[in-house]
Amino acid sequence: QKEIISYNESLGEIKKMQIAVSQCHFLELITKVSKAKKILEIGTFTGLSTLSMALGLPNDGVLVALDKNKETCKKASDFFKKANQEKKIKIIIKPALDTLKEIKKDNLSFDIIFIDADKNNYKKYYDEVIDLIKKDGLIIIDNVLWHGEVADNDNNDNLTNIIRDFNSYV
């Protein structure tokens, strides 16, 4: 995890796509205490959230990570190998909405679903995964507070409004 964080620091502005360190601990803890065995992640970036959840999975656990960026997925895969977690993680590199339709056809279900991809598609991702979550499962969605900006009524930038609309939708 430290290597991923250090690597992301070198990426410039795009490093903001990384989850916070406190979220790493939260995701690992929630994975452990919920006794999750199957996780679906939408949006992987360089793999910090993926690795955090994989560390919380039992040895026979599986995490399916969806992302469309080949370069960041390759880098993430290297980090997973270094952490000896690659056997738990299956990366699918293509648009998540396409993959979600395939997963639905295969009648797969998950204990935890973590959504942290392009905010414009949050509603679509949510609608697609709602049928994939097991009873008593957890859907965790990053950025719903959007650094507190959703509470600032004077802030009407596009992404803030998209997140507000999504929160109201849910």
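The values are calculated or read from the model by the stated rules, or taken from the named source; none is laboratory data. Here the structure is a predicted model, which means the values were calculated and not measured. Heads up, the Cβs are rebuilt from the backbone with ideal geometry, glycines too, and the neighbour counts pull from every protein chain shown. When the accessible area is computed, the model is the full protein with side chains, heavy atoms only, and any ligands, DNA or RNA have been set aside. Shrake-Rupley method; radii C 1.70, N 1.55, O 1.52, S 1.80 Å.
Assorted remarks:
- If the condition is being in a helix (DSSP H, G or I) and either of a type in the set (Asp, Glu) or under 19 Å from residue 165 (Cα atoms) (or both), then segment 95-127 contributes 98, 102, 119, 120, 121, 122, 123, 124, 125, 126, 127.
- Residues in segment 129-160 that are assigned to a helix (DSSP H, G or I), open to solvent by less than 60 Å² (accessible area, probe 1.4 Å), over 17 Å from residue 109 (Cα atoms) and of a type in the set (A, V, I, L, M): 150 alone.
- Qualifying residue in segment 99-117 (condition: in contact with a Pro (Cβ under 9 Å, 6 or more places away or on another chain) and either surrounded by 14 or more Cβ atoms within 10 Å (Cβ to Cβ) or at pLDDT below 95 (or both)): no
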